[in-house]
Amino acid sequence: MRHHLPILGLLALTQITGWGAVGVLPVIAAPVAADLGVSLPAVFLGTSLMFVAMGIASPPAGRAFRRFGTRQVMAAGAGLIGLTLCLVALAPGLTVFCIGWALVGLAGSMFMTTAAYAYLAEYDADSARSLIGTLMLVTGLAGAVFWPITAWLEHVVGWRGAVFAFAAVMVMVVCPLVRFGLPRTEAVIATQQPKTARTGRLFALLVAAIALNSFVTFGIESVGIALVEASGASLATAIAIASALGVCKVGGRLIDLIGGARWDGLSTALASGLMIPLGLAALGLGGAGLLGVSGYLLLFGIGSGAFAVARATMPLVFYARADYAAAMAGIALPMNLINALAPPVLAALLTGIGPHAVLAVLGTLSLAAFAVLLRLNRLRTQPLAG
């Protein structure tokens, strides 16, 4: 791992900066709404459009990784993020503002997360799982690092100046760092997979397991405070529980990182995939009481944190290095669409059917995901794709 530290450090720095640059809306939403004369929900439409565009563009980005090399595509993506953020900063109204965020999403598919994982798979296939897990552990700090910086910049130069500043960093710092700081990886040639029903079924099962659990975990991130509050906790307690949940998620990622040499990504997915519905059941049955909250934090928190790593490393069980980037790009399309859909759907369900019914829905979806994981585990013993 010591040999890989410079590469991990550069990827961590650039990925944290990238997510910090595109994750400014939670901080600047109020001044943006006042400046453009729109509501706060309308401003946050930009985030949803970014995720949708990122998902739609992920398969073409995966093909570009293979054709041009992941490092080159990532460098281009970083520069394009900076240019599209300039459009956001110059937006005279909501329409151009939203178009700008959609274009940020298109550029982000070339640089963010999946691209970094694909680069690591090209760089060192044997160590890819531990490298990806380590990168995930540190890139979760993007908000903690950049939200205070964003707030300070907004106070000093306004929201447009803050976005321009991040655009400049992406173009003048991140883009050349990626292009000239990351070593060239060995060219990979896609294996010619037989287009059989089994290959299609394997990929469909991976997509189903990841998308179902992504809906649950990303949805909880967006409505978790309101959900716990509706289960009987005060607002202050609900916020404290949400903060503790974040710590448990980091703990789940760390546990997988420490023990990752002993098991593969699918084993992590199976264990964490069972913990997620158990944690939801604990909150549903125990409410805001000590046992219910403790079970929710330990089971759902650690389970969802570990599954976040499994989402990125599970395909390594079934796909060779040359096919990993394409597989992850294909998975990113439904996952990003799900991420964009989960918050409004769960918010509507919470107000319509109540917290216990929402927990039952989420528990059912997570159990369905676990059933899919069991089916994938049976496929493990069959010849691998690629």
- Give the residues of segment 10-28 that are modelled with pLDDT under 85 and either aliphatic (A, V, I, L, M) or under 13 Å from Gly100 (Cβ atoms) (or both), sorted by residue number. Leu25, Val27
- Can you name the number of the only condition in (1) buried (at least 21 other Cβ atoms within 10 Å of the Cβ); (2) in contact (Cβ under 8 Å) with a residue 40 or more places away in the chain that Asp124 fails? (1)
- Message: I need a count of the residues in segment 76-101 that are among the aliphatic types (A, V, I, L, M) and surrounded by 24 or more Cβ atoms within 10 Å (Cβ to Cβ).
- Response: 4
- Note on the structure: Restricting attention to segment 61-115, the residues that are among the hydrophobic types (A, V, I, L, M, F, W, C) and over 19 Å from Arg179 (Cβ atoms) number exactly 16
- Query: Within segment 255-274, which residues are in a helix (DSSP H, G or I) and without any contact (Cβ under 8 Å) to a residue 12 or more places away in the chain?
  - Reply: Ile258, Gly259, Arg262, Ser267
- Could you say which residue among Val188, Val174 is at pLDDT below 75 and either touching a Leu at 6+ places or on another chain (Cβ under 8 Å) or buried (at least 18 other Cβ atoms within 10 Å of the Cβ) (or both)? Val188
- Consider Ala64 against the criteria (1) crowded, with 20+ Cβ neighbours inside 10 Å; (2) modelled with pLDDT under 90; (3) over 19 Å from Val169 (Cβ atoms); (4) within 18 Å of the chain's Cα centre (by Cα): it satisfies all of them except one. Which criterion is unmet? (4)
- Item | Contacts under 7 angstrom Cβ, first residue in segment 63-74 being closer than 16 Å to Ala327 by Cα and not assigned by TED's automatic domain parsing to the domain that holds Gly330, partner part of a helix (DSSP H, G or I) and of a type in the set (D, E, K, R), 6 or more apart | Thr70/Glu122
- Task: Kindly indicate whether Gly252 is touching a residue at least 24 places away in the same chain (Cβ under 8 Å), part of a helix (DSSP H, G or I), out of contact with any strand residue (DSSP E or B) (no Cβ under 9 Å at 6 or more places or on another chain) and in the same structural domain as Ala369 (by TED's automatic domain parsing).
- Result: yes
- Note on the structure: Only one of (1) of a type in the set (Gly, Ala, Ser); (2) modelled with pLDDT of 75 or more; (3) in the same structural domain as Gly292 (by TED's automatic domain parsing) does not apply to Ser222, and that is (2)
- Message: Exactly one of these conditions fails for Phe218: (1) surrounded by fewer than 20 Cβ atoms within 10 Å (Cβ to Cβ); (2) of a type in the set (A, V, I, L, M, F, W, C); (3) within 23 Å of Asn339 (Cα to Cα). Give me its number.
- Response: (1)
- Query: Which one is farthest from the chain's Cα centre (by Cα), of the residues in segment 14-61 that are of a type in the set (A, V, I, L, M) and not in a helix (DSSP H, G or I)?
  - Reply: Val38
- Task: Give segment 160-177 a look and list any residue that's out of contact with any Asp or Glu (no Cβ under 7 Å at 6 or more places or on another chain) and more than 22 Å from Ala12 (Cβ to Cβ), or say none.
- Result: Arg160, Gly161, Val163, Phe164
- Item | Filtered residues of segment 1-41 (kept if of a type in the set (S, T, N, Q) and surrounded by 18 or more Cβ atoms within 10 Å (Cβ to Cβ)) | Thr14, Gln15, Thr17
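The values are calculated or read from the model by the stated rules, or taken from the named source; none is laboratory data. Remember, predicted model here, so these are calculated numbers, not experimental data. Virtual Cβ from ideal backbone geometry, glycine too; neighbours counted across all protein chains shown.
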